[in-house]
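See structure below.
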Amino acid sequence: MKNCKRLLFVLFILSAFQVTAEPINPILKSEINEEVAAPPIGKTLNTDLKQKRNYPMQPPLIPHQTRDYQVNIKVNKCMSCHSRSRTEESQAPMVSVTHFMDRDGNFLAEISPRRYFCEQCHVTQSDVKPVVENTFVDIDSMLKKTGKE
Amino acid sequence: MRFIKKVFGILKAPSVHFGFGLLVFSGFVTGIIFWGGFNTAMEFTNSEPFCTSCHENLYQELQTTIHFTNRSGVRAICSSCHVPHDWTDKMARKMQASKEVWAWMVGTINTEEKFQARRRTLAEHEWHRLKANDSLECRNCHNFEYMDFTVQSKRASDSHSTHLASGEKTCIDCHKGIAHQLPDMEGVPGW
């Protein structure tokens, strides 16, 4: 009984410090009886310019639109430009050699089935502002910062 | 019997029974009605509801593509790409289609599985047709002469100003599956 009272007391104190998390989606910030316009859908960037990687192992971003690209059991549209045999004509970057490896490190003739679905890792970018602030710092900035201190 | 003989007599020498002006005029009017009716019926077989009354699954595939939904609200329907716009070619294609109507009647492709099994062959027919006529049905709307390379993406303008401009390639060589799901592309050049 004593413990129970103590617990209630602790809960009461904690409730005073309760922090309400700020919703990310602007629609969620509105009152329930308010109608808020949805933020505009960003346009997919189609610049064909390579973007910097934030860390060496980052899967390269797709600098073009991929609307209606069919990637299924029948066909892989991405591979019609990025496969080894197609890059001469398309002048697109070839899929990296790691994609030809199975999970045991054996090199296969074609890309490994586990790498088949390109857009699991490689994504297009939209012309929008970040919804939440990103505090990611890349390694160069980090080294520079620690060197100064 | 006498009645049939009478009708035949009128048909054999109509100008004995009717005035020449009336005959010319009625001929003119029936001509308009029949020709108009024929064209209306022909146009109906070019309409979206007519195609989708059987090809509903293909219609669903089309709906996500740029030829169905886009910023400017221009839409290509089935016949825009699959039926020639020129009258004589259109008639030729419609006559060919009578064979396809027969296949429909006997149920050659009456299940999704049969369709998927035959999809590559059917797709190849259309690729061959468009390759042979230099992608005429694309070019009915997309005129190479009118393209503004400065508003195309780099990749697009690079390909259009070289391979397409030289006539070495035609639209369908690169834009297969622009309005449909593709079949298994094993062995298709460029895939």
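Every read-out reported here was derived from the displayed coordinates using simple, explicitly stated rules and does not represent laboratory data. Predicted model only: the values in this text are computed from it and were never measured. Here the Cβ positions follow ideal geometry from the backbone for every residue, glycine too, while neighbour counts run over all protein chains shown.
Taken residue by residue and averaged, Cβ atoms of other chains lying within 10 Å of the Cβ of A:72-80 number 5.
Site pair B:T40 and A:E31 shows an inter-label distance of 5.9 nm when each label is modelled 7 Å from Cα along Cα→Cβ. Taking only the Cα atoms of chain B, the ratio Rg/Rh comes out at 1.15, with Rh defined as the Kirkwood radius.
Projecting the Cα atoms of B:T40, B:T64, A:S112 onto the charge dipole of the protein assembly as shown, computed from C-beta unit charges around the Cα centre, puts B:T40 farthest toward the positive end. Taking label positions 7 Å along the Cα-Cβ direction at both B:E145 and B:Q63, the computed distance is 3.9 nm, reported to one decimal. Each other residue within a Cβ distance under 14 Å of A:K50 adds +1 if Lys or Arg and -1 if Asp or Glu, for a net charge of +3.
Mind checking the full-extension length gain between B:K94 and B:M1? Use 0.36 nm per residue of separation minus the Cα-Cα distance, one decimal, nm. Intermediate values should be presented prior to the final figure.
On the way: separation 93, 0.36 × 93 = 33.48 nm, distance 4.05 nm.
Working it through step by step, the gained length comes to 29.4 nm.
Using only helices, what value at 222 nm comes out for chain B when you add -39,500 (n - 2.57) per DSSP H run of length 4 or more and divide by the total residues, to the nearest 500 deg cm²/dmol? Present the calculation step by step, with values, prior to reporting the outcome.
On the way: 11 runs with 112 residues, N = 191.
The helix contribution divided over chain B gives -17500 deg cm²/dmol.
Annotation: cysteines of chain B without a disulfide-compatible partner (Cβ-Cβ under 4.7 angstrom) are B:C54, B:C81, B:C141, B:C174. The string of couplings for segment B:67-81 from the Karplus curve (6.51, -1.76, 1.60, θ = phi - 60°) is 7, 10, 10, 7, 5, 8, x, 8, 10, 9, 9, 3, 5, 4, 9 Hz, one whole number per residue in order, with x for Gly and Pro.
If a/c stays under 1.5 just call it rounded; otherwise compare a/b with b/c (prolate if a/b is bigger, oblate if not). Do that for segment A:38-149, with a ≥ b ≥ c from the square roots of the Cα gyration tensor eigenvalues.
Details: a/c = 2.19, a/b = 1.35, b/c = 1.63.
It comes out oblate by the Cα gyration axes.
Between B:W87 and A:V71, the modelled label-to-label distance comes to 5.0 nm, taking each label 7 Å out from Cα in the direction of the beta carbon. Quick check: from the Cα gyration tensor, does segment A:37-84 come out rounded (a/c under 1.5), prolate or oblate? Oblate, since a/c reaches 1.5 and b/c is not below a/b.
Which value, in debye to the nearest 20, gives the size of the charge dipole of the protein assembly as shown about its Cα centre, when Lys and Arg are +1 and Asp and Glu are -1 at the Cβ?
Numbers: 41 positive and 37 negative charges, 130 e Å.
Dipole about the Cα centre, nearest 20: 620 debye.
Taking every residue in B:176-188 and counting other chain Cβ atoms within 10 Å of its Cβ, the average works out to 3.
Compared with the dominant principal axis of the Cα atoms in chain B, helix B:112-132 is inclined by about 90°. Compared with the dominant Cα axis of chain B, that is its longest principal axis, helix B:87-106 is turned about 90°.
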